[in-house]
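Below is one structure, written out as structure tokens, with a few remarks after it.
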Amino acid sequence: MTRERRLSWINGLLLPFLNVLTAFIATAIVFILIGVDPIEATKILIYGALGYDEGLGYTLYYATNFVFTGLAVAVAFHAGLFNIGGEGQAYVGGLGTAIVALYLNPALSAWIVIPLAISGGLLFGALWAIIPAYLQAYRGSHIVITTIMFNFLASALMVYVLVNVLREVGEMSPESADFIKASWLPFVHDVFASFGYKIAKSPLNLSILVALFFSGLVWFFLWHTRWGYAIRAVGKSNDAAVYGGINPKKIIIVTMCISGALAGLVGINELMGVQHRLFLNFNYGYGFGGIAVALMGRNHPVGILIAAFLFGILYQGGAELDFELQNVSRDIVVVMQGLVILFCGGLEYLYRPILIRFLAPIEATE
């Protein structure tokens, strides 16, 4: 095996594995410090997430959202952009989905309504990302700062819209009326039942297929199209991209719109698939969790699918820990996310010198 091949394995597989393992070891230390047996906690977490049909359904349901936001962060990363705005883009994307699902003619077929509602989420997510993109490309404002600010603006906007515009008449709660039924995505347990297979009920719905479709689409776009090449070129070297005839400003705009559109798909899982109405904070935590998912998955769709599934396990398993252990709350998932971000992001290359020294040393002839 050539040195370049060994370096590829180190960067693509061994480093993420060791970083995640270190994050879990650090989590085990946290458990010990609060008086919890980490082995017992791990058993509860794994059984709660994978040990029975309903738990697995919830795990995949949570993972679906992380696929969307992980892909959103990854696309921006490939252009050298750190999109922190997935939370706000998911929120406003849900508004776009809701507008379509509330106001289309109820007599229309689901084959028309569902694609239009998905398109509404894509469009509104992209539109919410385009202003930070413009400010980065043409005004020099840092994308991290502007996207964080737009998260707060999205939150304020949604409160206003749900209280003053879309709130159902006669209701005190800030939520919309139910969507038209043609926009509802079928639950997976109902789909299985239609074929004669009975599985436990869970929120898992067919948006998981949409997540798999967009994972494949992002892979093809980034590595097999001219635009994908331009995005990766800008991310590798802005000056080299300019020398090659690529306009970095245009690429920043396009990339952030794609990133925002992908984040906007969170609403199809939460709103079209489960709640069938628009309500406050349906996006809570998925935008920021997508950062950890993208880092863990090395910004590759296959890695993101694996990392999203792991975070789905953490979310569902964290709920079981909260229920089973008195001195553990579901907030332990936030601690785990933070540790993953720390070791997969801030300390990403902690083990790289050691691995290169022993597994891919520079040969004397080189």
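Test Thr27 against the criterion of being β-branched (Val, Ile, Thr), buried (at least 19 other Cβ atoms within 10 Å of the Cβ), modelled with pLDDT under 90 and in a helix (DSSP H, G or I), and give yes or no. It is true that Thr27 is β-branched (Val, Ile, Thr), buried (at least 19 other Cβ atoms within 10 Å of the Cβ), modelled with pLDDT under 90 and in a helix (DSSP H, G or I).
Would you say Ile291 is part of a helix (DSSP H, G or I) and either touching a Gly at 6+ places or on another chain (Cβ under 9 Å) or surrounded by 14 or more Cβ atoms within 10 Å (Cβ to Cβ) (or both)? Against the criterion (part of a helix (DSSP H, G or I) and either touching a Gly at 6+ places or on another chain (Cβ under 9 Å) or surrounded by 14 or more Cβ atoms within 10 Å (Cβ to Cβ) (or both)), Ile291 qualifies.
When the stretch 297-332 is filtered for residues that are of a type in the set (A, V, I, L, M, F, W, C) and open to solvent by 70 Å² or more (accessible area, probe 1.4 Å), the ones remaining, listed by number, are Val302, Ile306, Phe309, Phe323.
Considering the stretch 35-53 alone, what residues qualify as being surrounded by 17 or more Cβ atoms within 10 Å (Cβ to Cβ) and either within 26 Å of the chain's Cα centre (by Cα) or of a type outside the set (Val, Ile, Thr) (or both)? The answer is Ala41, Ile44, Leu45, Gly48, Ala49.
Scanning the stretch 164-184 for residues that are open to solvent by less than 90 Å² (accessible area, probe 1.4 Å), more than 18 Å from Thr97 (Cα to Cα) and free of Cβ contacts under 8 Å to residues at least 60 places away in the same chain gives Gly170, Glu171.
Looking at the stretch 89-99, can you tell me whether even one residue there is open to solvent by less than 20 Å² (accessible area, probe 1.4 Å), in a helix (DSSP H, G or I) and closer than 24 Å to His189 by Cβ?
Of the residues in the stretch 89-99, the ones open to solvent by less than 20 Å² (accessible area, probe 1.4 Å) are 89-98.
The next check asks that each one be in a helix (DSSP H, G or I); those that pass are 89-98.
Filter once more, so that each one left must be closer than 24 Å to His189 by Cβ: 94, 97.
Yes, the stretch 89-99 has at least one match.
Of all the criteria given as (1) in contact with a Ser or Thr (Cβ under 6 Å, 6 or more places away or on another chain); (2) open to solvent by 40 Å² or more (accessible area, probe 1.4 Å); (3) not aliphatic (A, V, I, L, M), the one not satisfied by Pro132 is (2).
Evaluate the following for Gly121: is it under 13 Å from Val100 (Cα atoms), open to solvent by less than 40 Å² (accessible area, probe 1.4 Å) and in contact with a Gly (Cβ under 9 Å, 6 or more places away or on another chain)? When the stated conditions are applied, Gly121 passes them.
Selection of the stretch 181-237 for residues being of a type in the set (S, T, N, Q), over 22 Å from Ile306 (Cβ atoms) and either out of contact with any Ser or Thr (no Cβ under 9 Å at 6 or more places or on another chain) or part of a loop (DSSP other than H, G, I, E, B) (or both) yields Ser194, Thr225, Ser237.
Looking at the structure I just gave you, is Ile32 surrounded by fewer than 21 Cβ atoms within 10 Å (Cβ to Cβ), in contact (Cβ under 8 Å) with a residue 12 or more places away in the chain, in a helix (DSSP H, G or I) and not polar (S, T, N, Q)?
On the way: surrounded by fewer than 21 Cβ atoms within 10 Å (Cβ to Cβ): yes; in contact (Cβ under 8 Å) with a residue 12 or more places away in the chain: no; in a helix (DSSP H, G or I): yes; not polar (S, T, N, Q): yes.
It is false that Ile32 is surrounded by fewer than 21 Cβ atoms within 10 Å (Cβ to Cβ), in contact (Cβ under 8 Å) with a residue 12 or more places away in the chain, in a helix (DSSP H, G or I) and not polar (S, T, N, Q).
Just one of (1) of a type in the set (A, V, I, L, M, F, W, C); (2) open to solvent by less than 10 Å² (accessible area, probe 1.4 Å); (3) part of a helix (DSSP H, G or I); (4) in contact (Cβ under 8 Å) with a residue 12 or more places away in the chain fails for Phe282. It is (3). Scanning the stretch 63-88 for residues that are closer than 23 Å to Leu157 by Cβ, over 11 Å from the mean Cα position of the chain (by Cα) and part of a helix (DSSP H, G or I) yields a total of 2. Just for the stretch 1-24: of the residues that are of a type in the set (Ser, Thr, Tyr) and exposed (fewer than 14 other Cβ atoms within 10 Å of the Cβ), which one is farthest from Leu204 (Cα to Cα)? Here the residue is Thr2. Asn327 falls short on exactly one of the conditions (1) over 30 Å from Leu102 (Cβ atoms); (2) outside any loop (DSSP other than H, G, I, E, B), and that condition is (2).
Taking the criterion of being under 24 Å from Gly94 (Cα atoms), open to solvent by less than 60 Å² (accessible area, probe 1.4 Å) and of a type outside the set (S, T, N, Q), would at least one residue in the stretch 242-252 satisfy it? So far as the stretch 242-252 goes, yes, one or more of its residues are under 24 Å from Gly94 (Cα atoms), open to solvent by less than 60 Å² (accessible area, probe 1.4 Å) and of a type outside the set (S, T, N, Q).
The values are calculated or read from the model by the stated rules, or taken from the named source; none is laboratory data. All of these numbers come straight from a predicted model, not from anything done at the bench. Virtual Cβ from ideal backbone geometry, glycine too; neighbours counted across all protein chains shown. Protein only, heavy atoms only, side chains kept; ligands, DNA and RNA dropped before computing areas. Shrake-Rupley method; radii C 1.70, N 1.55, O 1.52, S 1.80 Å.
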